[in-house]
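Let me begin by presenting the structure, written as structure tokens, before commenting on it.
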Amino acid sequence: MTYTIEAQARPQQGTGASRRLRNAGKLPAIVYGGSKEPQAIVLEHNSMYYTLQEEAFHTSLIQLSIDGKAEQVLVRSVNYHPFKQLVLHVDFQRVDNNTEVEIRVPLHFVGADTSEGVKLQGGSVSHILNEALVRCVATKIPEFLTVDLSGLNAGHAIAHLSDIKLPEGVSLSSLARGDDLAVASLNGAKAG
């Protein structure tokens, strides 16, 4: 899915200028990376706030139109207010189709309710990780990774990163470092 966001260049910077923008319903942000200099921009707060609630937005390529000039970017960082429903700042990174990136991708768990360990042995599944760090070119970022838990039973009670089927061109950073982390575990199952 591709998102399109309208933005304007932000000539004034600093704490006071950012506070005035937020009070006016705007959101300060920055775009960096590529061969261009970092550029301060301003976005509409409310539309960005609701767009940021979508899980797919954080792993999608975004067409950012700054004063009519389009750039392809990824969301790299979002700062929220500690207790208000308010986004304070967003960082975007410029990418092209050949840029290799390392990005966190959410994990979606399937098959737990049909696994032998839950259905027949009375166990319950605990998720240890909710996301995984992947490395790939920007155009191949998966929206999410699926973890199949249907094989969990009292004899095989833990699912690892190496159990995840990856799309072509995508690798897990932890596995590249030699860390096969657990992503889910089966608790309380009794072999019968």
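No value in this document is a laboratory result; all are computed from the given coordinates. Quantities reported herein were computed from a predicted structural model and do not represent experimental measurements. Neighbour counts are summed over all protein chains in view; Cβ atoms, including those assigned to glycine, are modelled from backbone coordinates with ideal geometry.
How about segment 53-77: which of its residues are surrounded by 15 or more Cβ atoms within 10 Å (Cβ to Cβ) and of a type in the set (A, V, I, L, M)?
Within segment 53-77, Leu61, Ile62, Leu64, Ile66, Val73, Leu74, Val75 qualify.
Give segment 15-37 a look and list any residue that's surrounded by fewer than 10 Cβ atoms within 10 Å (Cβ to Cβ) and on the phi > 0 side of the Ramachandran plot, or say none.
Gly25, the sole residue that qualifies.
If I go through segment 85-118 residue by residue, how many of them are of a type in the set (A, V, I, L, M, F, W, C), out of contact with any helix residue (DSSP H, G or I) (no Cβ under 9 Å at 6 or more places or on another chain) and over 19 Å from Glu143 (Cα atoms)?
0
Checking the condition touching a Lys or Arg at 6+ places or on another chain (Cβ under 9 Å) and charged (D, E, K, R), which residue from Glu44, Glu6, Glu37 passes?
Just a single option satisfies the conditions, and that option is Glu44.
Considering (1) charged (D, E, K, R); (2) surrounded by 13 or more Cβ atoms within 10 Å (Cβ to Cβ); (3) out of contact with any strand residue (DSSP E or B) (no Cβ under 9 Å at 6 or more places or on another chain), say which one Lys190 fails and leave the rest.
It fails just one condition, (2).
Output the number of residues of segment 144-184 satisfying the condition of being small (Gly, Ala, Ser) and under 20 Å from Lys119 (Cβ atoms). Break it down into steps so the answer makes sense when it comes.
Residues of segment 144-184 that are small (Gly, Ala, Ser), as a first pass: 150-151, 154-155, 157, 159, 162, 169, 171, 173-174, 176, 178, 182, 184.
Next cut, under 20 Å from Lys119 (Cβ atoms) only: 150-151, 154-155, 157, 159, 184.
Result for segment 144-184: 7.
So, in segment 12-43, how many residues would count as being more than 21 Å from the chain's Cα centre (by Cα) and touching a residue at least 24 places away in the same chain (Cβ under 8 Å)?
Going residue by residue through segment 12-43, those that are more than 21 Å from the chain's Cα centre (by Cα) are 12-26, 35-42.
Next cut, touching a residue at least 24 places away in the same chain (Cβ under 8 Å) only: 13, 18, 22, 36, 39-42.
The qualifying residues number 8.
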